[in-house]
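Report on one structure; see the data block that follows.
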Amino acid sequence: MRGNGMTAAPSSGPPQHYLGGIALRLLAMASLSLMFVLVKYIDRAGIHLAESLFWRQALVLPFLLVWIRATTGGFASLKTQRIGAHARRAMMGLTGMACNFGGMIFLPMAEATTINLSVPIFAVIFAAILLGEQTGWQRWGAVIVGFVGVLVVLNPGASFAAGFGGAHGMGTLIALAGAVMTALITIAVRDLGRTEPAATIVFWFSLLSTIPLGIALPFVYTPHSAHEWLLLVGLGFSGAVVQMSLTGALRLAPVAVVIPMDYSALLWSIACGWWFFGTLPADTTWIGAPLIVASGLFIAWREHRRHIDRPKEVAA
């Protein structure tokens, strides 16, 4: 769900600790669901999406700087010769985050999360088209199964009959756009990851994305109560926990070990949707979600098999 992609090469990094990596990845997914709960509450408070995005990014920066200082011993790693590539990634990430937030606002949490779990399916397609990666029949088969799951969740027959009208139809299209954009981001991050450490990618994304959001802020800002400020600070803090946990998990364990934990986000979203908003997944979500999860897990396993005999590249 993830508009904040990260790539690292931990082969010469810290010692591997699989249980620690799994625990951090699970923490990231739980924090992500909590963040989306706050997104829905912030929208209900009448706070503009652009403002919530600004505080989500701006409030992450101090936590990131402290974390980078503590883990690297300084800020030398933040130097880059690829500011243009970081700027493109930031704009893509900002667009993807806006779509993911919008999908969560318009849809029940479980449904929006299920659509976002289709990211690996689109990533396989874009890697084949844009990077020329060879994709065997097994992965294409997984893509087809995943697409069937996506179609079941989207229920296009009913949506077309309604003309994709109303908040639900609009939310479906926005969430799907978010999944497609997030998949494109993984391609951009894969390219950046060839020369840039994970912390550098995360830092420049957070910093550069605040520039257009800061320009827009005076036009959408409204005074807030103490409760609303608490929601916004919680949004930034949970976002920081998500980013640091994602990166930390990949420092401790290989991608093939931690990526399957991402699907715990569906369980968290079902629980949070029921607890905070009294909503449960639609029947089509119960049917389509297992197909999407199975497809994503198989793709992750195949990626692990493809890279098992060469230096590992990890992405979140």
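A short reminder: the numbers here are calculations on the coordinates, not readings from a lab. Just so you know, these numbers come straight off a predicted model, no measurement behind them. Cβ coordinates were reconstructed from backbone atoms using ideal geometry, including for glycine residues, and neighbour counts include every protein chain displayed.
Using every pair of distinct Cα positions in the chain, the Kirkwood expression returns a hydrodynamic radius of 19.7 angstrom. The helix-only estimate of mean residue ellipticity at 222 nm for the chain, built from DSSP H runs of length n ≥ 4 each weighted as -39500 (n - 2.57), is -25500 deg cm²/dmol after division by the residue total.
Rounded, prolate or oblate: which fits region 96-218, taking a ≥ b ≥ c as square roots of the Cα gyration tensor eigenvalues, rounded meaning a/c under 1.5, else prolate when a/b beats b/c? Note, shape of region 96-218 comes out oblate. Taking a ≥ b ≥ c as the square roots of the eigenvalues of the alpha-carbon gyration tensor, region 45-97 is classed oblate because a/c is 1.5 or more while a/b is no larger than b/c.
When the trypsin sites (Lys or Arg not before Pro) in region 67-116 are filtered for DSSP coil states and for at most 10 other beta-carbon atoms within 10 Å of their beta-carbon, the remaining sites are Lys79.
Summing charges over neighbours of Ile292, with a neighbour being any other residue whose Cβ is under 12 Å away from its Cβ, gives -2 when K and R count +1 and D and E count -1.
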